[in-house]
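Pasting in a structure now, in structure tokens, and then I'll have a few things to ask.
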Amino acid sequence: MNLGEMEEELATIIRSRSDRKFMNRWINNAILEVATDYNLPPLALVDPVSLGVDTSKWLWGLPDSFHKRLFKCRHINPTSGESHHVHVCNHINELNSKNHATIGEHVREVAVAMQGGSAQGDNYYLGIHPLATETLSLWYYQKPAVLIKPADVSDCIPPGYERRVIYPKVIILNYNFIVDQITDFDFKPMQYWVNELKKGLNGAPGEGIGLLNFYALNYNKPRRHGGRDPIGPSRRYFRGYF
């Protein structure tokens, strides 16, 4: 379902003409919040993004596409093409106590730091230790695509889940504003939309498996409890981490 179709359908639920000018922003905000709350596999990079670092500083700005969770980092030898694992720390505090003047042959540890206060909001930085001049390959969860044109479709909410996830999320995020604008008919209470979102994410009898289970079934390797693998080693599964 594309942006134009979602706006039209939401307008039949939120029957307030004054709210229609906000619909595009509300839909994009709803998608972004779902992508923030849950690790959606389509947003986990399969091909890494390169980031060049050197010995001039220990904090480097991450690409604008970075959204959350750096789950893999490697440095690649430009001559041999050989790559080596770089440890990703859970928190920038693990690097704060390091000597940031230390220079090494390769970066051995990295961590993500967030700093606010810019006109664009929060900025994300990559802390490195020790200092080294090389190109790092980064795998992380990128921001969802912003829907602008009527034909645009979400790159992280699969077809069939727009009504079940995006619609209730839009209404929950803007419920008080929506209710204040509606005077000519009854609007369903907040708890109704909270329950609709839960069903859209987790599934319900007779209403499908839910978005999170959809991704779990289609992107995670099935569990086995012994015996021969009936699928065989040739089939590959995307995990969203390595």
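Here's a check for you: in the range 176-201, which residue that is among the acidic types (D, E) and either surrounded by 14 or more Cβ atoms within 10 Å (Cβ to Cβ) or in a loop (DSSP other than H, G, I, E, B) (or both) is modelled with the highest pLDDT?
Among those that are among the acidic types (D, E) and either surrounded by 14 or more Cβ atoms within 10 Å (Cβ to Cβ) or in a loop (DSSP other than H, G, I, E, B) (or both), it is E196.
May I ask you to verify whether V49 is within 14 Å of I128 (Cβ to Cβ) and of a type in the set (A, V, I, L, M)?
Answer is no for this residue.
Every residue in the range 38-55 that is of a type in the set (V, I, T), closer than 30 Å to V165 by Cβ and assigned to a strand (DSSP E or B), please.
V49
Would you check which residues across the range 2-22 are assigned to a loop (DSSP other than H, G, I, E, B) and modelled with pLDDT of 95 or more and list them?
Across the range 2-22, the qualifying residue is only N2.
Name, by its number, the condition in (1) assigned to a loop (DSSP other than H, G, I, E, B); (2) touching a Phe, Trp or Tyr at 6+ places or on another chain (Cβ under 8 Å); (3) of a type in the set (V, I, T) that does not hold for V112.
Here V112 meets the rest and fails (1).
Residue by residue, here is whether (1) in a loop (DSSP other than H, G, I, E, B); (2) in contact with a strand residue (DSSP E or B) (Cβ under 8 Å, 6 or more places away or on another chain); (3) free of Cβ contacts under 8 Å to residues at least 40 places away in the same chain holds:
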site	(1), (2), (3)
H84	no, yes, yes
Y124	no, yes, no
A151	yes, no, no
V165	no, no, no
P168	no, no, yes
I172	no, no, yes
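Just need a number here: residues in the range 136-184 that are within 26 Å of Y124 (Cα to Cα) and of a type in the set (F, W, Y).
Final tally of qualifying residues: 3.
I'd like to check something: does the range 56-64 contain any residue that is touching a strand residue (DSSP E or B) at 6+ places or on another chain (Cβ under 7 Å), part of a strand (DSSP E or B), aromatic (F, W, Y) and over 30 Å from I209 (Cα atoms)?
Yes, the conditions are met somewhere in the range 56-64.
Would you point out the residue of the range 115-154, among those that are of a type in the set (S, T, N, Q) and either modelled with pLDDT of 95 or more or buried (at least 17 other Cβ atoms within 10 Å of the Cβ) (or both), that is farthest from K98 (Cα to Cα)?
S154
Regarding R25, is this residue exposed (fewer than 15 other Cβ atoms within 10 Å of the Cβ), assigned by TED's automatic domain parsing to the domain that holds I157, farther than 26 Å from R74 by Cα and modelled with pLDDT of 95 or more?
Yes; evaluated as a whole, the condition is true for this residue.
Per-residue answers, yes or no, for (1) within 20 Å of S56 (Cα to Cα); (2) in a strand (DSSP E or B):
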| residue | (1), (2) |
| --- | --- |
| K68 | no, yes |
| K72 | no, yes |
| H91 | no, no |
| S137 | yes, yes |
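The values are calculated or read from the model by the stated rules, or taken from the named source; none is laboratory data. In this text the structure is predicted, and so the values were computed from the model without any measurement. For neighbour counting, all protein chains shown are included, and Cβ atoms are generated from backbone atoms with ideal geometry for every residue, glycine included.
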